[in-house]
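Step one of this worksheet: look at the structure below.
The values are calculated or read from the model by the stated rules, or taken from the named source; none is laboratory data. Predicted model only: the values in this text are computed from it and were never measured. Don't worry about glycine lacking a Cβ; one is built from the backbone with ideal geometry, like all the others, and counts go over all protein chains shown.
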Amino acid sequence: MRIRGLAVALVVGFAGPAIAENFAFAPAPQQDLNRVYRVDRSTGEVIACQFAVKDDSPIGLTLCYPAGEGAKAGEAGDYGLIPSSHRQEAGIFRVNRRTGAVSVCYVRDDQEVVCTPPAK
């Protein structure tokens, strides 16, 4: 009975962190831009959010840009985000660690996140 309880505790313990890591986050490398990108680690879907100041108010708001062309959910993989070291770049690299494919994602026209076709 004790071993079964320990086994259940181990399974529950291992399941918790896996659920908590469904998304990866990374800031845009541009130093004067307060934007963060989010990727769904299993589908590759990318969105971006940033802070904005509301006119005539000390309270800000969060603006989020939905996934657009090339940034929507795709083939299953193990996706991550890698900012470049270029201080003026607002885009970010989306990588698929399973296939080695790389895309560049960015916010287009302050409307949506778009990504280039994956390349190896």
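Some notes on this structure:
- Residues within the range 84-120 that are within 15 Å of the chain's Cα centre (by Cα) and either under 15 Å from residue 43 (Cα atoms) or at pLDDT 95 or above (or both), tallied: 16
- Applying the criterion of being assigned to a loop (DSSP other than H, G, I, E, B) and charged (D, E, K, R) to the residues of the range 27-59, the residue that is surrounded by the most Cβ atoms within 10 Å (Cβ to Cβ) is 45.
- Residues in the range 66-83 that are more than 12 Å from the chain's Cα centre (by Cα) and within 19 Å of residue 107 (Cα to Cα): 68, 69, 70, 74.
- The range 65-99: number of residues that are touching a residue at least 60 places away in the same chain (Cβ under 8 Å) and of a type in the set (A, V, I, L, M, F, W, C): 2
- With respect to the conditions (1) of a type outside the set (A, V, I, L, M, F, W, C); (2) in contact with a Lys or Arg (Cβ under 8 Å, 6 or more places away or on another chain); (3) on the phi > 0 side of the Ramachandran plot, residue 79 lacks only one, and its number is (3).
- Scanning the range 76-99 for residues that are surrounded by 12 or more Cβ atoms within 10 Å (Cβ to Cβ) and in a loop (DSSP other than H, G, I, E, B) turns up 77, 78, 83, 84, 89, 90, 91, 99.
- Within the range 100-120, considering residues that are free of Cβ contacts under 8 Å to residues at least 24 places away in the same chain and exposed (fewer than 14 other Cβ atoms within 10 Å of the Cβ), the one farthest from residue 22 (Cα to Cα): 109
- Of all residues in the range 21-60, those being over 17 Å from residue 116 (Cα atoms), of a type in the set (Asp, Glu) and under 16 Å from the mean Cα position of the chain (by Cα) number 1.
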